1. Taking only region 175-222 into account, find how many residues are under 30 Å from Phe165 (Cα atoms) and aliphatic (A, V, I, L, M).
2. From Ile174, Ile212, Ile217, Ile207, grab the single residue that is free of Cβ contacts under 8 Å to residues at least 12 places away in the same chain and either aromatic (Phe, Trp, Tyr) or over 30 Å from Thr299 (Cβ atoms) (or both).
3. Among residues belonging to region 369-378 that are in contact with a Gly (Cβ under 7 Å, 6 or more places away or on another chain) and closer than 15 Å to Asp206 by Cβ, point out the one that is surrounded by the fewest Cβ atoms within 10 Å (Cβ to Cβ).
4. Answer yes or no: is there a residue in region 184-197 that is surrounded by fewer than 14 Cβ atoms within 10 Å (Cβ to Cβ), among the aromatic types (Phe, Trp, Tyr) and either touching a residue at least 12 places away in the same chain (Cβ under 8 Å) or over 19 Å from Tyr42 (Cβ atoms) (or both).
5. Look at Asn252 and say whether it is farther than 27 Å from Leu409 by Cα, in a helix (DSSP H, G or I) and out of contact with any strand residue (DSSP E or B) (no Cβ under 8 Å at 6 or more places or on another chain).
6. Go through the residues of region 316-326 one by one and say whether even a single one is part of a helix (DSSP H, G or I), aliphatic (A, V, I, L, M), in the same structural domain as Leu409 (by TED's automatic domain parsing) and in contact with a Leu (Cβ under 6 Å, 6 or more places away or on another chain).
7. What are the residues in region 268-290 that are surrounded by fewer than 21 Cβ atoms within 10 Å (Cβ to Cβ), touching a residue at least 40 places away in the same chain (Cβ under 8 Å) and either assigned to a loop (DSSP other than H, G, I, E, B) or touching a helix residue (DSSP H, G or I) at 6+ places or on another chain (Cβ under 7 Å) (or both), if any?
8. For Thr381, all conditions in the list (1) outside any helix (DSSP H, G or I); (2) surrounded by 18 or more Cβ atoms within 10 Å (Cβ to Cβ); (3) not aliphatic (A, V, I, L, M) hold save one; what is the number of the exception?
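The values are calculated or read from the model by the stated rules, or taken from the named source; none is laboratory data. Keep in mind it's a predicted model, so treat the numbers as computed, not measured. A quick note on method: Cβ atoms are made from the backbone with ideal geometry, for glycine too, and the neighbour counts reach across all protein chains shown.
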Amino acid sequence: MQSNQENSTPFQQVKKRLLRNKMAILGGSIIAFACLVAVLGYLIMPDDTPNANGGSQFIRKQLPGFEVNVLKIRKQREITKVGFIEFMLNGQESEYSIYPYANDYELKNDSVIFIPFPGIEKDKATGQIKTIQEHLLRIVRVVYNIPSDKLASNGSNFIKEGDTFKYLDENETIQEVTQEQLEREFKENCIETKKYWLGTNGSGRDILSLLIFGTRISLFIGLMAVIISLLLGVTLGALAGFFSGRTDNFINWLMTVTWSIPNIMLVIIISVLFNKGLWVVFIAVGLTMWVEIARIVRTEIMTIKEKQFVEAARAFGFSNRRIIFKHILPNVIGPIVVIATNNFALAILIEAGLSFLGFGVQPPMPSWGVMVNEGFALMATKDAWHLVVFPSFAISLVVLAFNLFGNGLRDAYDPKSLK
């Protein structure tokens, strides 16, 4: 009687060996979680504004767990509401600007009076600590969108008659609201307590939101770079291995030249020549990783093309393209998947290094490399450790996960591991 292993397909055997590798499963679980975070993106980000850019300079470099009361001031212009898909991709601009305040606020007549956070500051002239001067804002301007060019006859943006406010909205329609209604809407919509679980960066942006969005950037760049490297590597490797001769010599020369240039230098050169930007990073990183794939595919095809089933395909008159893509490449899919997984981790590292050096993703778009760069610039100042630790940990964790999963795939595809 045949054993279960003998009855199972090669894919099922690979799957069984992979599932027995606990470290590979751990790496795969981390990758799956990172992919879920990347897909959800703005749906789970505390700051769902585009590029998580809804911070405030008043709360810059705050430590993890920081909590503050904020005054939400209505922007004096119309904010376009986006659909669900657009929100998933790019976020939604907030209708409010946040203004953190210290202690409490006071409603007095038609105004709100508060002291901006942190409530005290150092006098530049004397170096002594002093209380920050109180700020005063008109409640009606805080609660409603009153465009600045719609001025009333008295030079103000609104008119108060007794307990009633009159103002022109963005459609130039006269609106009326009572003092009581205005204060109620102010307390419901314009006062909020925000908590920053991982603190804020040097611009007052929420680090947790930046890390979540940075996951999307890193995985997307890794995916695109791997796709580009696979297209180039598999195609050139297959041509070199199958046709040999001058084709093999030329592609070998091209691989040797590319291999001789350090990856980071090649990426920097491409980024400088074609300007900086996200798409340039895709191409630049992808063009640095195709050589290893091409070498593996070339070696495997040079061995497999001598097999009898390839000779049989030739005897049936199949085209070279069909023989390569239908008969040979399916037999080297294992090594390709393994090297692609390892290249994913390498792409994330290269992107982070590029962004750190200023050649990759450009601010204000969040990227783990950009976050490390910004944190590194502020490391000499007080309470800035978290600006470097959190993005560095994210990079290390995801790269480790891909390496663990790649090693597990390598062992699973290795025939010597068969029992």
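1. Qualifying residue count for the region: 3.
2. Ile174
3. Glu374
4. Step one: filter region 184-197 for residues surrounded by fewer than 14 Cβ atoms within 10 Å (Cβ to Cβ), giving 184, 187-188, 192-193, 195, 197.
Keeping just the survivors that are among the aromatic types (Phe, Trp, Tyr) gives 197.
Remaining after also requiring either touching a residue at least 12 places away in the same chain (Cβ under 8 Å) or over 19 Å from Tyr42 (Cβ atoms) (or both): 197.
So far as region 184-197 goes, yes, one or more of its residues are surrounded by fewer than 14 Cβ atoms within 10 Å (Cβ to Cβ), among the aromatic types (Phe, Trp, Tyr) and either touching a residue at least 12 places away in the same chain (Cβ under 8 Å) or over 19 Å from Tyr42 (Cβ atoms) (or both).
5. Criteria met by Asn252.
6. For region 316-326, residues part of a helix (DSSP H, G or I), aliphatic (A, V, I, L, M), in the same structural domain as Leu409 (by TED's automatic domain parsing) and in contact with a Leu (Cβ under 6 Å, 6 or more places away or on another chain): absent.
7. Hits for region 268-290 are Lys276, Gly277, Phe282, Ile283, Leu287.
8. Of the numbered conditions (1) outside any helix (DSSP H, G or I); (2) surrounded by 18 or more Cβ atoms within 10 Å (Cβ to Cβ); (3) not aliphatic (A, V, I, L, M), the odd one out for Thr381 is (2).
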